[in-house]
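All of the numbers you see were taken from the coordinates with simple rules; none came from a lab. Keep in mind the model is a prediction, meaning the values are calculated, not measured. With ideal geometry, Cβ positions are generated from the backbone for all residues, glycine too; neighbour counts draw on all protein chains shown.
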């Protein structure tokens, strides 16, 4: 049994699955944390309920409909890594940038950018993970990746709730991602 465990952890596909799972964990902490308060945050910047609903709907529409475009481009070009990197970069820049939004239209654009980033990277990550299923099995690869992904999706909103509880500001939620950790002196901008 020990030999099988050692072989499992030393394998390249295992390392890839685990690393992508960890990236997904931190990615989901960032954008699911931010998404958990997008509505109230947009409202605090002056967006109407109708505008918030339209922004949320458009974000979900782009987040799902553009996946087929991203997947098609990745299949045709074979550039899975660059496309994945672009998607993650958009995600991880858009959420913290919301702390700088001075009005709801800019924040809305960043919400849409985050959803588009997810649409760009999701099919390429899934495709790359599918190549590692031969050695470890489809269920195991999917299970590990999804468990880490969903852990991030759960922890992210909880961390944002902690920041809002301790700082009392929606604006601080985005700054948290950029370095306003609990115990650190918060920025003076509210």
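Inter-part distance, segment 48-87 to segment 98-119, computed on C-alpha centroids, equals 14 Å. On the basis of the beta-carbon distance and an R0 of 25 Å, residue 142 and residue 26 show a calculated FRET efficiency of 0.85.
Stretching the chain fully between residue 106 and residue 135 yields a gain of 5.9 nm (0.36 nm per residue, less the alpha carbon separation).
Taking the inverse of the mean 1/r over every pair of distinct Cα atoms in segment 1-119 gives a Kirkwood hydrodynamic radius of 16.0 Å. Compactness of segment 47-104 is given as radius of gyration and Dmax, 14.6, 43 Å, from Cα positions.
Summary of packing: across the peptides 139-145, 31-37, 46-52, the per-residue average of other C-beta atoms within 10 Å ranks them, highest first, as 31-37, 139-145, 46-52.
Using just the C-alpha positions of segment 37-177 as equal point scatterers, what log10 of I(q)/I(0) does the Debye formula give at each q in 0.16 1/Å? The Cα Debye sum returns log10 ratios of -0.93.
What the Cβ-Cβ distance of residue 166 and residue 128 gives, at R0 = 45 Å and to the nearest 0.05, is a FRET efficiency of 0.75. The stretch between residue 154 and residue 69 holds 27.8 nm of extra length on full extension. This uses 0.36 nm per residue minus the Cα-Cα distance.
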